[in-house]
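Q: Here it is: the structure, laid out below.
Since every read-out is calculated from the coordinates, none of them should be taken as a lab result. Just so it is clear, the model here is predicted, and its values are computed rather than measured. As a convention, Cβ positions derive from the backbone with ideal geometry for all residues, glycine included, and neighbour counts pool all protein chains shown.
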């Protein structure tokens, strides 16, 4: 978990915080992203994608394939290798919100949180940041001081989301979080939603969600991903209308979403993003 600081396959760079107003925050140039499929096959999720996130932009990604949408976000965050092309990050971008990688199951929640705080937090705010993580995660009594391996899957997910929101970034990458529900009103969810809104207010972001009302709530601009390419780009309402008119009812081979190996850091642990059991998260 975290910002990509090493050069990945293709090219991937991460530079100091954004300072030049006309420079894109994140830039994808000719990016190709392949993943392993069933029976030793390879599936191409992104095919020669070029795109820029500009200062102040809040972009929603609409796609019939959540795997393609997550591949786009993972590449933009710099957390996966690309087979061709270049990803350049000119800001302190977040890892994909709620990503499960990078934390050690052998360490307690407190130890994992303290490790990340030492990297992303401010000196002198350690106790404050740990309290924020514990509050957002809404862990059962005593579990903050127990190893992650004893957390049930929903507890782990809440913890992953909490550490993602504990630190300040220049831009946020927000995948199809099954935790983000339009009609959820539980106290735990509202605590998470308030933290999300507070962190991302007036911040650039890239978000993928199958619920258009969520994209509409957080994004002004949008792109439509279809068969590995950007099919349309514009305002989020325009993108939605274009998607409904041109793609929604078109025959789509969605087998790729079921056959590829789960290589995306953005996908929930051991879960389908549309799993109805996720109501138990809150």
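Q: If you count, for each residue, the other Cβ atoms within 10 Å and average over each peptide, how do 49-56, 120-127, 78-85, 103-110 line up from highest to lowest?
A: The peptides rank, most packed first, as 78-85, 49-56, 103-110, 120-127.
Q: Hey, got the Cα dimensions of the stretch 67-211 along the principal axes, in Å, largest first?
A: 46, 36, 29
Q: Hey, can you rank 26-33, 208-215 by average C-beta count inside 10 Å, highest first?
A: 26-33, 208-215
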